[in-house]
1. Multiply the residue separation of ASP27 and GLN184 by 0.36 nm, subtract the distance between their alpha-carbon atoms, and state the gained length in nm to one decimal.
2. If you take every DSSP beta bridge whose two residues both sit in the stretch 2-249, what share of them, in percent to the nearest 5, is antiparallel?
3. log10 I(q)/I(0), Debye, Cα-only the chain, no solvent, q = 0.07 Å⁻¹?
4. How far apart, in nanometres, would the label points at PHE49 and ARG232 be if each is projected 7 angstrom from Cα along the Cα-to-Cβ direction?
5. Sorting PHE116, PHE29 on the 10 Å Cβ count, fewest up front, what's the list?
6. Between PHE12 and ALA101, what length comes free when the chain is fully extended (0.36 nm per residue of separation minus the Cα-Cα distance, one decimal in nm)?
7. May I ask for the longest run of the chain untouched by trypsin sites (Lys or Arg not before Pro) that are loop-located per DSSP and have at most 11 neighbouring C-beta atoms (other than their own) within 10 Å?
8. Please arrange CYS113, CYS47, CYS21 by how many other C-beta atoms lie within 10 Å of their C-beta, fewest to most.
Amino acid sequence: MRVTVVGCSGSFPGPGNPASCYLVEADGFRALLDLGSGALGALQGHCSFGEVDAVLLSHLHPDHCMDLLSLYVARTYDPTRTHPAIPVHAPAGAASQLAQAYGRTQPPGLSGCFDFVEWSAGRREVGPLTVTVAPMAHPVPTWGIRVEHAGSTLAYSGDTGPTDNLVELARDADLALFESSFEQGRDDASPRDLHLTGAQAGEHASRAGVRRLVLTHLPPWNDPAVSLAAARTSYAGPVEVARPGSAYDL
Ligand SMILES: [Zn+2]
Ligand SMILES: [Zn+2]
């Protein structure tokens, strides 16, 4: 399984970095974990939009889902070929919310291009991938996503505040992509069920026993060195900050 960071900017795109999108490839199958603002452009540096086989959306904040509408346009109006509908695993209500965002208030919405499948807690097969999701702590319904293939495991937090569910979801993962939006001191007055600090990401990674931690979803106003130093106070394993274009072979 190969995991490529397409975009990892937290909350909104930054200069040269789209919002959240991770390309997961295994056995020739391509799935996207989130498809945030600006990500479809960068994705085309890694594969064609026609080669996407499934999309897995953690939640419906724009920095995690909005370029699904760009993918709709690209696949629907591609003059060179016809694209089959692909599954979009997403929180309940995604089909209607995203159709409304596109201006399609009447059926068929975005169907014909996307087959929306609602998340429910537990395990499912997506192509050759075994996918397990669990609810995270965030102001809108948000699912952390665990992806397993051929004995390797990726765990992706989506957006979340501190929660034991993330520890369980990421248990013994080879790679943990944990959000690290907040900075201790700067964001102490923010609601608890919103985001993690670097130290909290590291603490969750330690408790889960993950083998490698990659901090992601840093907003453009974060200093990556601050998030990294914070994570090192609570996680002793290898840790780095996600960069667009970075790839991990698990
Ligand atoms: Zn976000
Ligand atoms: Zn969010």
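Derivation of every value follows stated rules applied to the coordinates shown; laboratory data play no part. Note that the structure is a prediction, hence the values are computed from the model and not measured. Note that we place each Cβ from the backbone using ideal geometry, even for glycine, and neighbour counts take in every protein chain shown.
1. Numbers: separation 157, 0.36 × 157 = 56.52 nm, distance 4.10 nm.
Gain on extension, ASP27 to GLN184, equals 52.4 nm.
2. So the antiparallel bridges in the stretch 2-249 amount to around 55 percent.
3. For the requested q values the scattering log ratios are -0.21.
4. Roughly 4.1 nm, to one decimal.
5. PHE29, PHE116
6. Values: separation 89, 0.36 × 89 = 32.04 nm, distance 1.71 nm.
That pair, PHE12 and ALA101, stretches by 30.3 nm at full extension.
7. Answer from the scan: 82-191.
8. CYS47, CYS113, CYS21
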